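See below for the structure under consideration.
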Amino acid sequence: MAGALQRFKADFFKALAHPTRIRLLELLVDGEKNVSELQLGLGPDAAAASQQLAILRMKNLVDTRRTGTSIYYRLRDPQIKEVLDAARRIFDAHVGDLRSVVEEARADDRRSARAAASEPGRRGRARLPR
């Protein structure tokens, strides 16, 4: 049976399991922002801001304060930035690995093409019997 820590981690990562929520957290890394600023930072995904902010608030990842008619959001725990940074490093490593695999596959294809072209009787197109 999963312990309290594993349940906490699972809930934490579920809260991060949406690109818009990740982007909202990234925007808040630099400090408190109001809803309009967050929507501007989201661009085309701005319509989903309120719903995703509500989830982040419910999962205790962000805190809010109200000033007049404006609501301001901030990260509840600055260590969230470290989690986002770690995810970025993992992504960069995977992208680097994928690039290496693609480059290696292309090099193999070029070697195979050169080898096939240098075989006797393999130059040009094969002729079909008439």
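Tabulated values for the structure
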item: Residue among Ser112, Ser70, Ala46 farthest towards the positive dipole end of segment 1-119, charges placed on Cβ; result: Ser70
item: Qualifying lysines (Cα of each under 25 Å from Cα of Lys33; at least 8 residues distant if same chain); result: Lys14, Lys59, Lys81
item: (1) 49, 28, 25; (2) 85, 41, 29; (3) 39, 37, 29, with the label sought being that of the calculated Cα extents along the principal axes in Å; result: (2)
item: Taking Thr69, Thr64 and counting other C-beta atoms within 10 Å, the order from fewest to most; result: Thr69, Thr64
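Rule-based calculations on the coordinates, nothing more; no lab input. Predicted model only: the values in this text are computed from it and were never measured. Cβ sites come from the backbone with ideal geometry, for glycine too, and all protein chains shown count toward neighbours.
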